[in-house]
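Note sheet for the following structure.
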Amino acid sequence: MQQRATTVNPSEETITIGPLGIRFLLTGGDSNNNASVFEVLVPRGGKLAAPAHKNDAYEEILYGIEGVLTWTVDGTPIEVGPGQALCIPRGAVHRFDNFGSEDVKQLAVITPAIMGPAYFREAAAVIGAAAGGPPDRAKMREVFRRHGMTVAEPPPTT
């Protein structure tokens, strides 16, 4: 039986999406596809460039390290600060915003490890192609679908 080498942060990689930084610590390849673990770095005033979405087949767990990030989950804003944790269950529509006056760092755990660095690389390409405008919804839908997510439909206008 072949033994795997165990190392600290074997997948360490940073991916930039606009002003956001995603630093991967572990991927599915490091955990028998049980978990992806990464830091989310959101500068003050930063918002999720991708549309609100839901995770179809995995839970997303957030743990606050620095600053306060406001997650909107199924329409309810929830502030997550240092030492606080939030589990976004599969199927819940969510997004985040940094309304605070300081940069935010949160730890994210995806279980099972359906979403990993490839999602963030592909999303960064679509968002970057928008050159500061809204990303192409059809392209984002396809990226999300390939990585176990569904883009939420925008609320109806009255």
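The values are calculated or read from the model by the stated rules, or taken from the named source; none is laboratory data. As the structure is a prediction and not an experimental result, all values here were calculated from the model. Here Cβ is always computed from backbone atoms with ideal geometry, including for glycine, and neighbour counts include all displayed protein chains.
List of remarks:
- Inspection of the range 72-79 finds a residue satisfying the criterion of being among the acidic types (Asp, Glu) and under 20 Å from GLY148 (Cβ atoms).
- Within the range 1-24, considering residues that are surrounded by 15 or more Cβ atoms within 10 Å (Cβ to Cβ) and free of Cβ contacts under 8 Å to residues at least 60 places away in the same chain, the one farthest from the chain's Cα centre (by Cα): PRO10
- Qualifying residue in the range 132-148 (condition: closer than 15 Å to VAL40 by Cα and surrounded by 16 or more Cβ atoms within 10 Å (Cβ to Cβ)): no
- Only a single item in (1) out of contact with any Phe, Trp or Tyr (no Cβ under 7 Å at 6 or more places or on another chain); (2) within 20 Å of MET140 (Cα to Cα); (3) modelled with pLDDT of 95 or more is not met by ILE110, and it is number (1).
- Of everything listed in (1) of a type in the set (Gly, Ala, Ser); (2) touching a helix residue (DSSP H, G or I) at 6+ places or on another chain (Cβ under 6 Å); (3) surrounded by fewer than 14 Cβ atoms within 10 Å (Cβ to Cβ), the single unmet condition for GLY75 is (2).
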